[in-house]
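A short worksheet on the structure shown next.
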């Protein structure tokens, strides 16, 4: 038993290297039983990891009521809260004030709040501020949240002006966005803005991500006649041109299957 306890308490130091969340889940399950018998350790830290893990593995709602290919099918509705798995709901409901108090648990709860309210801006700020090994765990669902954030941004960009600006102004500098407006019907997004907003390290990393998910549709930057030959930091994302590919990328984020899940 003690040997097992020592092995599972080493999990934070190794799971980000192994990228094996199924094994991490098994370790957490063992730790919960050990902590119930007052084993010395870091129960607060592992509670935070448990919340983040459940946020990663959760499965969302069923088929969309909207026809395939429509904007509403491709892009999440900001007014609809995301559904949570029963296990996470139960865990959060049972947390005592003392369990909620540690900084690492507070951080995980803020991540939960940001995700359930589709507040992508808060989510990526929290990713950059993640304590302990939380950032390594969030790495596993970072791409998924980036795709969903792009869905929200693209929806805001193509709605009528009276609907789209409040959504964008909540998280962005309007002068930056409006300076890149190419067509009156919608606002385009500079790659430099997306890089900063979605916690990419460089514009090149952003465009590589776009290419990987086949959403690399760009407009000519101001003063240019083509997007070919532009530096990554000069590119402007064509939200409308990327709709179909973005919708497909969003559909792929719906289900998560983890080996070793208990």
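Worth pointing out:
- First in segment 85-98 and at pLDDT below 90, second anywhere and not in a helix (DSSP H, G or I), Cβ under 8 Å, 6 or more apart: 85/58; 85/59; 88/58
- Complete set of residues in segment 244-262 that are modelled with pLDDT of 85 or more and either in contact with a helix residue (DSSP H, G or I) (Cβ under 6 Å, 6 or more places away or on another chain) or within 19 Å of residue 195 (Cα to Cα) (or both): 246, 247, 249, 250
- Here residue 157 clears all of (1) crowded, with 19+ Cβ neighbours inside 10 Å; (2) modelled with pLDDT of 90 or more except the condition numbered (2).
- Meets criteria (over 25 Å from residue 248 (Cα atoms), at pLDDT 85 or above and outside any helix (DSSP H, G or I)) for residue 131: yes
The values are calculated or read from the model by the stated rules, or taken from the named source; none is laboratory data. Predicted model, so just to flag it, every value in this text is computed and none were measured. Counting neighbours? That spans all protein chains shown, and the Cβs are built from the backbone with ideal geometry, glycine included.
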